[in-house]
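This report refers to the structure that appears directly beneath it.
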Amino acid sequence: MVDKLPMDSTFVVITLPPHEVCSALPVEMPRPRAEERTRGDVASGGEAVHRRTVMERAELELSLLNDISRVLGSTLDLHAVFDGIMRVLAEKLSMERGSLVLLDDVSGKLMTEAALGLTPEEISRGTYEVGEGITGTVVQRGESIVVPDISADERFLNRTKARPIQPGVATSFICVPIKVESRTVGALSVDKRFVDMDTLKADQRLLETLTAFIGQALKINELVTQEREEWLAERRDMSASLRGKYKFDNIIGSAPAMLDVFDTIAQVASSRATCLILGETGTGKELIAKAVHYNSNRAEKPFIRVNCGALTGTLLESELFGHVKGSFTGAIRDKIGRFEAANGGTLFLDEIGTIDTGLQVKLLRVLQEREFERVGDNRTMKVDVRIIAATNLNLQDEVAKGTFREDLFYRLNVVTVSLPALRNRREDIPRLIDFFLDKFNAENGKGLRKISKDMLNVLVRYPWPGNVRELENAMERAVVLSRGDSLTEELLPTSIRAFAQQGRANMASEGMDSLTKRLADQSINEFELREGQIYDMVIRQVEKALIEKALDRCHGIKIKAADFLGINRNTLNKKFKELGLEGDDGAEASAENKAN
């Protein structure tokens with residue numbers, strides 16, 4: 001008998017996908033003692049046969065467990081695993097019938113999950129209460145039960161009606177519990193022809209080892225299911241959040257050109273139509289693409305972006321379509337492409353005008369046939385992907401130059417969305433400023449709420465060659481560098497401040513020219529009867545008015561008034577005398593002392 005021989009322990013290792021969780025259980029193998037090997041040389045024929053039988057049994061058990069380990073490691077589909085286990089038991093253990101029952105969380109009953117040697121009708125009858133019959137008792141107690149002859153045991157219910165009584169033939173029944181950690185969650189039962197009690201007990205031990213494997217597979221399945229449910233819940237929450245974020249109402253824009261954009265994407269979002277988004281760099285093409293996706297029936301599927309301008313040639317082809325190992329230098333493993341990753345969802349091809357003509361042919365095929373091959377592979381892949389493309393180029397000009405295929409252009413140009421430059425929607429700038437101020441306040445832990453009037457005027461008048469992205473960067477810089485409670489023009493980038501200074505200089509020059517012309521016209525009209533005196537009269541009046549205003553602005557301090565006017569103090573004193581202005585030096589000194 002096996003339990004009377006010295007034993008060596010070996011381990012059967014189970015690897016379960018996809019988490020590479022390994023399970024190792026010991027399996028004892030008989031090891032003959034040295035003296036037994038010596039005696040074996042002269043042993044009787046009966047003893048040699050017995051040892052050979054024991055070794056054959058050990059080899060059978062190891063082979064069975066190896067087969068079971070392969071079944072467990074091949075898939076996470078429990079029904080496929082259970083069916084595979086039944087087939088191995090039938091082949092290696094001469095099982096006539098077998099069933100695997102699990103506790104149903106809803107009904108609390110034991111339900112047949114897999115069976116061999118039973119018809120569908122017989123399987124449907126295989127339902128038990130916990131504690132009912134042998135199977136229910138095994139689950140209730142968590143202990144195995146072995147019945148040498150089912151016809152002689154009153155506990156055997158034969159609920160499935162699959163076991164006809166055959167005179168002179170004893171059918172054995174082995175039922176062992178399936179446990180997950182300390183919980184009994186089901187049972188594995190086997191019918192087989194009775195041989196002897198030693199074989200029956202050996203089968204029981206083998207099945208108990210097997211159900212330990214099954215219990216671990218169930219535990220891993222529970223963890224995988226839980227992780228998947230958590231992932232799906234997070235994905236649903238994220239999808240809901242993104243749907244809210246990219247609602248059309250949340251995109252800033254009240255300019256007529258933007259209202260046209262909103263109207264177009266609202267109509268096209270629910271369709272399968274390919275979209276082509278046109279606009280200068282920084283106008284928000286990706287934002288519009290996401291708005292189309294997250295307001296469509298593909299919102300819970302992936303949104304994948306590819307910057308076609310960042311990659312060229314084989315690298316871009318691999319990025320889009322994937323590749324197989326060894327297809328080119330550096331392809332050290334298989335890789336799926338963005339088309340596969342976006343299956344069921346949306347693929348956003350940014351800067352599509354930069355794709356070379358060779359790759360344009362393959363892209364055209366995907367758009368037409370929804371199929372492609374990975375780089376280095378001849379297997380055809382099918383995908384269901386919506387394409388949204390974007391470019392800042394005039395594709396019709398590129399078609400005329402021969403750098404972009406005409407047929408691809410027409411395939412992409414099903415629905416065109418043209419985004420206006422920021423300089424053409426200046427009425428939206430104040431709202432964009434408020435949005436970015438709130439955003440960067442939150443990111444930097446600041447509470448800035450005020451923007452100086454000068455800064456606001458500059459931001460509205462600036463031409464924004466980089467469009468909304470440049471405005472966003474300018475606002476981020478201003479918030480990060482701010483030290484007070486408000487934003488001022490000095491916090492803006494050098495290019496924008498230079499524009500503001502040049503603008504003020506131009507305005508001052510234009511204003512002075514306008515004033516001079518107005519005064520000249522007025523003087524000619526009002527003093528035309530005093531010919532020969534106009535110049536002196538106008539100049540004296542202007543000089544007098546300027547000096548009086550300067551003194552008033554500088555609180556009567558002559559030296560500050562002179563600086564303000566751009567003349568020295570001696571010149572100012574001279575003008576006082578020429579124009580008959582009166583000045584109180586004592587008052588000036590007093591005012592200067594107060595100012596200082």
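The values are calculated or read from the model by the stated rules, or taken from the named source; none is laboratory data. Treat the numbers as computed from the prediction; the structure is a model and nothing was measured. All Cβ positions, glycine included, derive from the backbone under ideal geometry; neighbour counts span all protein chains shown.
Listed values, structure above:
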quantity: Residue within segment 119-142 that is modelled with pLDDT under 80 and under 13 Å from Lys192 (Cα atoms) present; calculated: no
quantity: Counted residues, segment 224-251 - those being under 20 Å from Ala266 (Cβ atoms) and either at pLDDT 70 or above or in contact with a helix residue (DSSP H, G or I) (Cβ under 6 Å, 6 or more places away or on another chain) (or both); calculated: 8
quantity: Sole exception among (1) modelled with pLDDT under 90; (2) under 38 Å from the mean Cα position of the chain (by Cα); (3) closer than 30 Å to Gly279 by Cβ for Asn506, by number; calculated: (2)
quantity: Any helices (runs of 4 or more DSSP H) falling wholly within segment 243-330 and containing at least 1 residues that are acidic (Asp, Glu) and either within 23 Å of Leu367 (Cβ to Cβ) or within 24 Å of the chain's Cα centre (by Cα) (or both); calculated: 285-294, 313-321
quantity: Long-range neighbours under 9 Å by Cβ, at least six apart or interchain, first residue among the polar types (S, T, N, Q) within segment 446-459, second exposed (fewer than 14 other Cβ atoms within 10 Å of the Cβ); calculated: Ser452/Ser486
quantity: Hits in segment 112-129 (condition: surrounded by 16 or more Cβ atoms within 10 Å (Cβ to Cβ) and either in a helix (DSSP H, G or I) or aliphatic (A, V, I, L, M) (or both)); calculated: Ala114, Ala115, Leu116, Leu118, Glu122, Ile123
quantity: Yes/no for Asn297 being in contact with a strand residue (DSSP E or B) (Cβ under 7 Å, 6 or more places away or on another chain), surrounded by fewer than 19 Cβ atoms within 10 Å (Cβ to Cβ) and in the same structural domain as Asp260 (by TED's automatic domain parsing); calculated: no
quantity: Verdict on Asn467 being under 28 Å from Leu419 (Cα atoms), polar (S, T, N, Q) and in contact with a Ser or Thr (Cβ under 7 Å, 6 or more places away or on another chain); calculated: yes
quantity: Checklist (1) assigned to a helix (DSSP H, G or I); (2) touching a strand residue (DSSP E or B) at 6+ places or on another chain (Cβ under 7 Å); (3) over 18 Å from Ile388 (Cβ atoms) applied to Val361, failing item; calculated: (2)
quantity: Helices (runs of 4 or more DSSP H) within segment 377-450 that include 1 or more residues in the same structural domain as Leu349 (by TED's automatic domain parsing) and not polar (S, T, N, Q); calculated: 395-401, 406-412
quantity: Segment 331-358, residues that are assigned to a strand (DSSP E or B) and of a type in the set (A, V, I, L, M); calculated: Ile336, Leu347, Leu349
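Residues are listed down the side, and each one gets a yes or a no for (1) farther than 23 Å from Lys219 by Cβ; (2) in contact (Cβ under 8 Å) with a residue 60 or more places away in the chain; (3) touching a Leu at 6+ places or on another chain (Cβ under 7 Å); (4) surrounded by 16 or more Cβ atoms within 10 Å (Cβ to Cβ):
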residue: Glu56; (1), (2), (3), (4): yes, no, no, no
residue: Asp67; (1), (2), (3), (4): no, no, no, yes
residue: Ser74; (1), (2), (3), (4): no, no, no, no
residue: Val81; (1), (2), (3), (4): no, yes, yes, yes
residue: Gly84; (1), (2), (3), (4): no, no, no, yes
residue: Val88; (1), (2), (3), (4): no, no, yes, yes
residue: Ser94; (1), (2), (3), (4): yes, yes, no, no
